[in-house]
Structures are given as structure tokens and as C-alpha cells.
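First the structure, in the form of C-alpha cells, and then the observations on it.
The values are calculated or read from the model by the stated rules, or taken from the named source; none is laboratory data. Values in this document were obtained by computation on a predicted structure and should not be read as measured data. All Cβ positions, glycine included, derive from the backbone under ideal geometry; neighbour counts span all protein chains shown.
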Amino acid sequence: MAADPFAHARPNWTHISSASGLDSGRVPLASTAPVLKIYEEAVQEPGVECRNIDSLYSQAQLDDSDRYDARILREDFCSTAIIATTWAGMDARNRSQGVDIDLVALKDTYARLRNRPGFVQLLQSPGFAQDGPYTKVLSAEALPATGAVVEAVKETPQEAAPAADTWAPGAATERFDRKRNKKLAKQAKKDAAIEAARAARAASQPPASGSAAADGPKMKLLHSDVLDLPVAPVAADSQDSALEAPDVIASLNYAMAYFHDRATLLRYLRMARATLRAKTGVFITDMFGGPSTGESYPDQDATWARFQGEVGFGRDGGDARGQYVLRADRSRAGLRNDASTHAGLAAIDGRGANRARPARDNDADDEEADRVLELMPAPEASAVGTRAEWPRGKLKLVRTGEEHGGFEYWREDGPVDWMTNRFRMSLSFRFSDASWLRDVFWYDFRVWSIKELTEAMEEAGFVRVQVHILPRNIVDSDRGDAIDDRDSDAGSEAEDEADSMAGLLLRTEKEERNKSSYTAVKAGEKVFANRSFATYIVACAP
């Protein structure tokens, strides 16, 4: 079993220095913070996301579709499964699935929902269970009898779906809208007949006490690698997969950026196509595009110096500020060739422990060289996949939240490595007592272009691949004042070209307030932009 992925977010708080700003012996708020709840408040807006998924699915259907509204959603890379949970609560007929390798997050979600009888079931794939060829059921409680009323997820007002329709403006043509409205009544009659047949079957053949409902739970969480789907059935005498074919697969939060090579990306896309409902199934992912001009950061030297004494902010290894700062070998890049540079590089080891930030001088040419091109030594094998592999990024306050007495959401944005198109981004939370959860979530992303992704989807066998674009807001209206009464960091610095490309991923869902105004890009149309923009990429099963 893999180690606890949040272990690094739970430091030892036994010894607390008064220099950190906390009273001696007082337990920091960060040590008791509900990490997953804070993440959801800081980053996600599931009600908006689910309504867009619903309308994107319907828009992708052909005129002769027998499935005009998606009923079964699978959320890949689901973590807390907030999209799957919200989807299941939007309509009494909806069901959902969530797949992730993080058992801690899945168990947390399951614990929050298990008080709703029959609502959620927790499964584990054979690859993780390792005790047989069949999918293991981790949740033990029995499901209600078929036909029993299942309590829906209670939504907060901002997450609640519209009572009549969840159709986002501009999501369908008028032609399809008319056809859809005519056929909805027919579909409703069909659904009513199916429900009546199920009720009659349940009345004539009541299940044994403690057995699972014939229709299964409203929501299934699966501990599995998404590349290992489909998974084996739960019982030896069953021929069906533990997860039925979904109407829509939602692979969001820039999930395609997890794949660093095209072969693995294609493997995932082929799996998604094969597990979707045939003909009507839809795969939806989001991505970014365009230049990321306009992103600004506070003065980094002042920002890091301000926080370095606060409990939980510093990290083991690296420089005094708790983060590696790599030094460019400009001599090999052809930008500089003097003995002092080579002498300085001799003292640098592969782990980055001896690397130091180049001394600031008044040489304008040297500063320009830093901005144009930097060449870093390859990390040692032990550093690959850790923060030691990457240079220190730039800290930015994104917004504040109310959970756990109030918190600040800080993001650290790293530069892009143009040899691999990869970069590192991490999320940190600072609380009202100046205690931190640093790097509690971090991502090793690859930048894929929209064209690369659409071509890969077509190669994987998807049809009718379409891109929907929408502008990003420039100003984050959710950002509030800092929790404490100290002045916020003043000033800003222009991004280096490499740093600015990392800004393509910087906006979060809460900043995309105009998601309902996305526009489908028609065949042959061109898209030009002077700022980054968000996209949905929609692909249909053949």
C-alpha cells in the first residue's frame, strides 16, 4: 500500500518557536485543518462544472440519439469526488462514479456520505486489493432494498442546479434545442415505465436481508489507477464490470497534463473511449490555451523573507528559505564564458544543496541574460519526482476562504522546462495564526497544446472532437484582504518568458465566472488571443 499522500501536510507540531508568531505550546491551526474541505473551497466550484458537463453532453448528441440527457457520470482523477457527488445530487435519476489512486481522499469522501443509506459504495480494483482477481468491496454496510427511496445529496445554494433545466446558455443550437424538447416527453414516459417495472420486480422478488440493491448504489468510488480500467466484476459469477459504462467521463482540472508522454496519453484516451457508453458516450476534459500575459507577482524576495519564520512554511533541504534556487549555467548556453562562472559551478552538487541564487549586481546585460535563457544541470536520480528537481517558483496569494477559521490560499508557480514541457505548481494554505500547510497539493504538469490533444483523441478512436473556448477573468473578484492586519506585499515584477508560460495553468475554476458563455469553435475557424483562455474539449464515442 502506498504511503499516506498527505503525510507531508501533517508536520510534527510539538516544538513551536515563539519567533513564529504563535504562543509557545499552542497547537497551530494548520495541524488540525480539514485539508480536503479547504481545497474544495479554495479551488473548485462543482455546481457550475456539473451544469456545463450536462449541457456539453446534450449538445454533443446526434438527432437520433436515444440518450438525450446524461445519467451516469464517471469522474476520473476524482480525489475528493466533489464533481461526482454533486452530479449524483442534481437529479434523482443521476448516478456517478469516481476513480482515483488516492485512497485517503476516497475514504474521506466515503466517510462524509456513508450516513446516507445506499448512497455510496467504496470499491478497490484487483491491482490494489491484491487478494484475488475480482474487485473488492471496501464498504461493509448493506444497501437498501430495490425501490427504496435514496436520499439525495444536499446542495448549498450556489451549487443547486436550476429546477427546470441545467442547460447553459449557448450550449446548443436552436435546431437541436427544439428536437430535444420534443423528445424529452417521450424519454420521461420511458423512464417512468422502467421505474414501474423495477418496482414491480422488487415487490415480487424482495432481496434477502443485507443484500445489495439490484440497481446498486447511487455513487461508486473506486480505488484504482485510471489506466487499469475497466475493472473486474465484484462477484465471481458476474460477467459485468464493477462500473457500468458511463454516459459521460469528466477528466477535469487539467488532468491531461498529468501525462508526460504521448504513448501514455493515448493509452488513457483509448481506455476512456472503450469504457464509455457506445454511440452516445462523451468524454470531456479542460485545457488552457493562448499566451499568459498579464500574470503578475509580488516582490518574491520580500514575500519569502516575510514568511520564512512562520511555522510550517520552511521545508527541509534547499536554501535558508526552504526551497531550492537553481543557478543558470549561462556559459554553456552561449551567453557567458568566463572563469568565474565555471568556478562557481564546480561547487554545485546534483541535489541542489549547494546551489545559490546568483548575486545581484548592476550589470544590465547579466540581468537580461537571466531572463532570456537558463541552463540547469540534470537532477540526480534521487531528486526526480521531488521538489528538489525544480527551482523555486513564485508565490502568489490567490484568495481567502472561511473554512477552519479563515485561511489564505497561496500558489507557487514554477517555470517551464522547455526540454520536456513540464513544470511544477503547488498549493499552500496559511491560517489566521500564521501557521502553514506548505505544498499540501503539488503537480508535475506537462503543457499540451490544444492541437496535440485533439489529434490524440482522434487517433484514440473518438469522433466529433470539438473545442469550446471561453475567456478567463483578469481580476480575481474572490480575493480578499489578508487574514492578519499586516500590509500585503506591494509591487510586482514582470515575468520571465519561461515563467509566464506556467501562467497558462494558474487560473482556478472559481475565476472562470463566464463558463456559461463558452463558444464552440467551428471547423476551419481560427482563434487568436492576447491573453490565456480556457477550453473544454469534447469527444464522442463512435
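Checked across segment 239-262, the condition of being assigned to a loop (DSSP other than H, G, I, E, B), among the hydroxyl-bearing types (Ser, Thr, Tyr) and touching a helix residue (DSSP H, G or I) at 6+ places or on another chain (Cβ under 9 Å) holds for at least one residue. Taking the criterion of being in a helix (DSSP H, G or I) and over 14 Å from residue 251 (Cα atoms), the residues of segment 55-82 that qualify are 55, 58, 59, 60. So for segment 94-106 (the condition being farther than 16 Å from residue 285 by Cα, over 22 Å from the mean Cα position of the chain (by Cα) and at pLDDT 95 or above), does at least one residue qualify? Yes: segment 94-106 contains one or more residues that are farther than 16 Å from residue 285 by Cα, over 22 Å from the mean Cα position of the chain (by Cα) and at pLDDT 95 or above. Residues considered: 387, 472, 411, 464. Of these, the only one that is of a type in the set (D, E, K, R), surrounded by 17 or more Cβ atoms within 10 Å (Cβ to Cβ) and modelled with pLDDT of 85 or more is 411.
Which one is nearest to residue 279 (Cα to Cα), of the residues in segment 526-542 that are in contact with a strand residue (DSSP E or B) (Cβ under 8 Å, 6 or more places away or on another chain) and not aliphatic (A, V, I, L, M)? Spell out how you get there, then give the answer.
Filtering segment 526-542 down to residues in contact with a strand residue (DSSP E or B) (Cβ under 8 Å, 6 or more places away or on another chain) leaves 527, 529, 531-542.
Add one more test, that the residue is not aliphatic (A, V, I, L, M), and what stays is 531-533, 535-536, 540, 542.
Values: 531: 36, 532: 33, 533: 30, 535: 24, 536: 20, 540: 7, 542: 5 Å.
Only one residue fits best here, namely 542.
When residue 433 is tested against the conditions (1) surrounded by fewer than 22 Cβ atoms within 10 Å (Cβ to Cβ); (2) assigned to a strand (DSSP E or B); (3) of a type in the set (D, E, K, R), the lone failure is (2). Being surrounded by fewer than 18 Cβ atoms within 10 Å (Cβ to Cβ), under 29 Å from residue 130 (Cα atoms) and in contact (Cβ under 8 Å) with a residue 40 or more places away in the chain holds for only one residue in 274, 263, and it is 274. Remark: pairs (first residue in segment 424-452, within 25 Å of residue 537 (Cα to Cα); second residue of a type in the set (Asp, Glu) and in a strand (DSSP E or B); Cβ separation under 6 Å; 6+ apart in sequence or on different chains) = 424/444; 425/413; 426/412; 426/439.
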